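Have a look at the structure below, then the notes.
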Amino acid sequence: MKRIAVTGLTGQVVSSLIERSPTGVEMLALGRPRFDLSSRDMVLASLRNVRCDAIINAAAYTQVDKAESEPEVAMRINGVGAGFVAETAAELKTPLLHLSSDYVFDGTLDRPYRENDAPSPACAYGRSKLEGERQIAARCENCVILRTGWVYSPFGTNFVKTMLDLGETRDEIGVVADQIGNPTSALDIADALLAIAERLVDDSDPRLRGVFHLTGQGEASWADMAEAVFASAEARGRKPVRVKRIGTKDYPTPARRPANSRLDNAKLQATYGITLPQWRQSLDPCVRRLIEAK
C-alpha cells in the first residue's frame, strides 16, 4: 500500500493520519475548496485523479447542535456526500473506510452497543451519520464502516482542549456526569485505520468488510474525563481545577445527546486483532502536547 486518499484537510483524524503515516505511505488529504462532499462531480473527479490504493472518508459535518437548525446541510454532507464517495470507490474498485458515530444510537440501552443493535438516532446529526452508513453499504461492498465517539487529540477543537482552555481562567467547571462513553484518541484511530486499510488492500475476505466499532478501552462520563484532564495538567504545573458534577438537565443543548454512548469493540478485536489503548493511557500524552503547544 503506497497511497491513501483521505477526505478532509484539518480534522482530528486527518491530522492524526498524516502524523502517523509510515514511511513509504503517502497520505493525500482532500478538502475544500477543491474537494466538497456535497458536490458529486467534485468527489468523483478528485478521487479518480489521485489513483490511490485505499480511501478513508473522514470528512464530515460535525456541528451537532447546529445540525438541529440546518439538518439538510448535515444530511447533504454526512449522508448524500458519503454516498458519492462510496459510488466512486466502487467504480475504482478501491477499498473504502468510512468513519461513523455513536450518535446513530439513542443511548437508551443499558450496556455497550454492538454492531447488530438497531440504530435509532435521537438528533439530526445522528440521522445524517446513519444515512451515510446506509449510502455506503448500498453502493460499495468493499467497505468498512467504523463507528467511534468522544474523539480527542492534540489537533483542532475537542473536549480535552476546551477543558484545558477553561481551566486557565476558572477554579471550578461544571461538567455533565450522567452521560457515559468511551473517550477515544484520534491518533489511536489513525493507527487502526492504517492497519485496517492494509488488510483490505491485501485480503478480499468478506469477513473483513462491514460495520465495526472502534473506541478507546474503558468508559467514563464527561466529568470523569474532565477530572483526568485536570489531574494530568496539574501534574505538569497547571493550577488545580475542581469539577462540579452536573446533570444533562443542568446543561441543556439543542441536540439530544445519548446518555449511553458506549460501544462494544469485540467484533473488531476478533476480526482484525485490533484493540485500542485504555483511554487514560492515551489522554496523558495528549494533555502534555496541548500544554507544551501553548
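Values in this text are rule-based calculations from the coordinates and carry no lab data. These numbers come from a predicted model, not from an experiment. Quick reminder, even Gly has a Cβ in these numbers, built from the backbone with ideal geometry, and neighbours come from all protein chains shown.
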* Structure fact -> Ranked from fewest to most other Cβ atoms within 10 Å of their own Cβ, SER221, SER39 fall in the order SER39, SER221
* To do: Can you bin region 214-294 into rounded, prolate or oblate? Criterion: square roots of the alpha carbon gyration tensor eigenvalues sorted a ≥ b ≥ c, rounded for a/c under 1.5, prolate for a/b above b/c, oblate for the rest.
  => oblate
* **Too-long pairs where the Cα-Cα distance tops 23 Å, listed order kept, from LYS239/LYS294; LYS66/LYS161; LYS66/LYS244; LYS2/LYS129; LYS129/LYS267** => LYS66/LYS244; LYS2/LYS129
* Computed over region 71-145: relative contact order in percent, which uses C-alpha pairs under 8 Å that are six or more apart -> 51
* Asked: Hey, what number do you get for the chain at 222 nm if only DSSP H runs of n ≥ 4 count, each worth -39500 (n - 2.57), divided across all residues, to the nearest 500?
  -> -11500 deg cm²/dmol
* Asked: Mind checking the dipole of region 132-266: about its Cα centre, +1 per Lys or Arg Cβ, -1 per Asp or Glu Cβ, Debye to the nearest 20?
  -> 480
* Structure fact -> Check: C-alpha center region 35-75 vs C-alpha center region 212-278, spacing in Å is 27
* State, as an integer percentage, the relative contact order of the chain based on alpha-carbon contacts under 8 Å between residues 6 or more apart. => 21
* Structure fact -> So ALA235 and SER204, fully extended at 0.36 nm per residue minus their Cα-Cα distance, gain in nm 6.4 nm
* To do: For helix 222-235, report the angle its Cα long axis makes with the longest principal axis of the Cα atoms of the chain; keep it between 0 and 90° and round to the nearest 10°.
  => 70
* Hey, with R₀ at 51 Å, roughly what FRET efficiency would LYS244 and ALA137 work out to, going by the Cβ-Cβ distance, to 0.05? -> 0.75
* Structure fact -> Largest-first semi-axes in Å of the equivalent ellipsoid built from the Cα gyration tensor of region 1-75 are 25, 16, 8
* Asked: Can you give the three extents of the C-alpha atoms in region 57-127 along their principal axes, from longest to shortest, in whole Å?
  -> 41, 30, 15
* To do: Would you work out the charge dipole size for region 1-144 about its Cα centre, treating the Cβ of every Lys and Arg as +1 and the Cβ of every Asp and Glu as -1, and quote it to the nearest 20 debye?
  => 560
* **Positive dipole terminus of the chain, leading residue within LEU193, VAL176, GLY8 (C-beta point charges)** => GLY8
* Where does each of ILE18, ILE55 land when they are ranked from fewest to most other beta-carbon atoms within 10 angstrom? -> ILE18, ILE55
* Structure fact -> Square roots of five times the C-alpha gyration tensor eigenvalues of the chain, ordered largest first and given in whole Å, equal 31, 21, 18
* At ASN49 and ASP171, where each label point lies 7 Å from the Cα along Cα→Cβ, what is the point-to-point distance in nanometres? -> 5.7
* In whole percent, what relative contact order does region 1-81 give with Cα contacts below 8 Å and a gap of six or more residues? -> 39
* Just for the chain, what percent of DSSP beta bridges are antiparallel, to the closest 5? -> 5
